[in-house]
1. Counting pairs of alpha carbon atoms under 8 Å apart in space and at least six apart in sequence, what relative contact order in percent does the range 1-82 give?
2. Relative contact order (percent) for the chain, with alpha-carbon contacts under 8 angstrom and 6 or more residues of separation?
3. Just want the ordering: 175, 26, from fewest to most Cβ atoms lying within 10 Å of their own Cβ.
4. Test of understanding: what is the full-extension gain from residue 57 to residue 43, defined as 0.36 nm times their sequence separation minus their Cα-Cα distance?
5. For the range 47-154, report the % of Cα-Cα distances exceeding 21 Å.
6. Checking the a/c ratio against 1.5 first, then a/b against b/c, what shape does the Cα gyration tensor give for the range 95-156?
7. Please arrange 68, 24 by how many other C-beta atoms lie within 10 Å of their C-beta, fewest to most.
8. Give the angle, between 0 and 90 degrees and rounded to the nearest 10, that separates the Cα long axis of helix 169-185 from the longest principal axis of the Cα atoms of the chain.
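None of the figures in this text is laboratory data; all of them are computed from the coordinates on show. All figures in this text were calculated on a predicted structure; none of them were measured in a lab. Glycine also receives a Cβ, built like all others from the backbone with ideal geometry; neighbour counts cover every protein chain displayed.
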């Protein structure tokens, strides 16, 4: 029917606009992206506070998350994820990842690699994760999921090496200690 055709055209146009918007965000120079995104970021009180605390780090974070953004409004949840202080497993499923056989060995191996290393760039953190996997005898999901949940509390999110390069070693170690203490005490 005619109504269905109109609806399909609108849906196709919206997906094309989203695709075009995503391309624009990815290729826009970072200072321009920040200038355009700032009003959207300031809508969230937590992010607005971060702008005043460490604007340089926030701009760096925005550059790292642009790959995940379709609209400028998408930035705030990712920024909050990066800078949040209190981390704990977000669901029973996330908690089960950390309680699974071998998970604590993976997390402890990663923690040891991280504590003994000097990682700054995403590639450095990827190498540490790989070394932890080798030490713990874990690969794939059995490697990255325990590390993800122990450092973010979530099952999904930014690529870990990118996130870790923004957080830094000390913050990652604190997050691991906090999350794992909560899991072992329950």
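1. Relative contact order for the range 1-82 comes out at 38 percent.
2. Numbers: 184 pairs, mean separation 41.3, N = 186.
This gives 22 percent for the chain.
3. Going from least to most buried by this count: 26, 175.
4. Values: separation 14, 0.36 × 14 = 5.04 nm, distance 1.85 nm.
Between residue 57 and residue 43, full extension yields 3.2 nm more.
5. Numbers: 2726 of 5778 pairs.
Result: 47 percent of Cα pairs exceed 21 Å.
6. Here the range 95-156 falls in the prolate category.
7. Working: 68 16, 24 11.
Arranged by neighbour count, lowest to highest, 68, 24 become 24, 68.
8. Its long axis makes an angle of about 70 degrees.
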